[in-house]
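Structure record follows, encoded as structure tokens.
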Amino acid sequence: MTVDTGVHEKSPEGVDEQGIAARRGSGARSALPRYAGGGADLPVAHPFTRTLRSLDADRSRLGAWMAGAAVLLLAGWGLWLALARVPVFAASREARLVTEHAVYALESPVSARVESVAASLNQHVETGAILVQLDDRAARSARDEELARSAALEQHIAGTREILAARERAQEEARAAALVAVEEYRLVRKSRELDQKLAEEELDRLERLRESTVSELQVSKARTELEKQKVAIQSQDAAIARLELEQKRSESDRAAEIGSLRRDIAQDEGELAVARAAAGRLEHEIERHCVRAPAAGVVGELATLAPGAFVSAGARLGTVVAPGRIAVEAFFAPSDAIGRVREGQRAELALDGFPRLEFGSVPLAVERVASEAREGTIQVELALSDAGAPTVPLEHGLPGRVRVEVERASPAALLLRSVGGAVGRTFDSGGTRGDG
């Protein structure tokens, strides 16, 4: 005999199996539950039991799916840490756009006052155009004096040359006249020689006839005539000698005068050369008072200058930007650039005042890297890349920041570097405190 203790054992799912079996044996009872009271049966909730079982099953499957998803996520994240490659950038301290090899500084070559300013900002100028005129009145006055002295010397030299030419012509004419006179005296001497010969022949004839028909008086006259002819020849010789001496003396006087004129011309020419050199130097000095455009381009900078303002020699007055290739100059910390930034690496420029999200960045490529640090930075020159037209206006002097892609590394390697750097800094700071 089975005694009903009123306590029913439940299955692991928490369902009263004996109550379920009793309800199944009734068979003819209504499937709808009824409530206690007035001898009615207790309510039966078998549809709710199935719902619990379904919920338990769904809960088990959801946990399995979540566990699998978590495993896959962890696996994917691990693969990304180990296999992915992310770019590593080196950022510059400062950078700016420059017109390569086409920026010309305007400096005052002398200390003077400003006379006029013919340039303005962003004005297009041609090569040699006067941009700033400095006061050059003193140099112009000195140059005019030298030019006047040069003109006077030129006139004096021209007059002296005319006198010299006249003296040289007179010398040639006197030389020719002296030669004619000497030749005339020689001809007269030759005539005297003929007369002497005739007198000698006459005297010889009379001496032969003296014993017969010729008297002593005739012989004496012939002898006297012969002596006269000899004296006449000697007189002609003396006249020729005197004429030659006078010709030499006159030639010497004329040569001395000509030499003096030539010395005067040489001295005047030397003074003229000095005056011309001084005028040329002053002309150059005047030109130095003109600040001209060294090349065709646009006035990029211009100092505030007013007529009458004094500027010192070497003072910067402005710049002229000539058309040229736009490039970028960037300055990096030595620890970021040395051994990391190399030619050919890709980079990008973000200009100040042009947000990256709105205007993007300018693609670049590294061209040259300085080998030594200057003023605590490494200069890097970069060229614009051909990867599309920039969306911002590129003008000389625009500042910005440059990022150079120095390598590609896995996130795991970067994480290890960060951890190692943090540990190293902690160790260094701890060691420093310990030493203290």
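The values are calculated or read from the model by the stated rules, or taken from the named source; none is laboratory data. The structure displayed is predicted, hence computed values, not measured ones. Glycine gets a Cβ as well: all are built from the backbone with ideal geometry, and neighbour counts include every protein chain shown. Side chains are part of the model used for accessible areas, which takes the heavy atoms of the whole protein and leaves out ligands, DNA and RNA. Shrake-Rupley method; radii C 1.70, N 1.55, O 1.52, S 1.80 Å.
Listing for the model above:
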| quantity | calculated |
| --- | --- |
| Rel. contact order, % - alpha carbon contacts under 8 angstrom, at least six apart, the stretch 112-266 | 28 |
| Residues with amide H under 5 Å from that of residue 132, placed H, sequence gap 5 or more | 118, 291 |
| Under 20 Å from residue 221, Cα to Cα: aspartates and glutamates that are on another chain or at least 8 residues apart | 193, 195, 200, 201, 202, 204, 207, 211 |
| Accessible area per residue, Å², the stretch 231-323 with all protein chains present, probe 1.4 Å | 55 |
| Charge dipole magnitude, Cβ of K and R +1, D and E -1 - the stretch 260-413, Cα centre, debye nearest 20 | 140 |
| Cα-projected label distance for residue 115 with residue 284, points at 7 Å along beta-carbon direction, nm | 2.0 |
| Accessible area of the stretch 332-376 belonging to carbon and sulfur atoms, whole % at 1.4 Å probe | 49 |
| Inter-label distance for residue 292 and residue 309, nm, one decimal - labels placed 7 Å from Cα along Cα-to-Cβ | 2.4 |
| Reachable aspartates and glutamates, given that their alpha-carbon falls under 20 Å from the alpha-carbon of residue 248 and they are not under 8 places away in the same chain | 168, 172, 173, 183, 184, 237, 257 |
| Förster-model FRET efficiency, 56 Å R0, residue 166 and residue 208, C-beta, rounded to 0.05 | 0.35 |
| Computed FRET value (nearest 0.05) for residue 238 with residue 267, which takes r as the C-beta separation and R₀ as 35 Å | 0.20 |
| Computed label-point distance, nm, for sites residue 77 and residue 122 using a 7 Å Cα→Cβ extension | 5.5 |
| Paramagnetic reach from residue 193 in the stretch 152-187 [backbone N under 11 Å; point 7 Å along Cα→Cβ] | 186-187 |
| Accessible surface of the stretch 122-278 [probe 1.4 Å, protein heavy atoms]: carbon and sulfur percent | 52 |
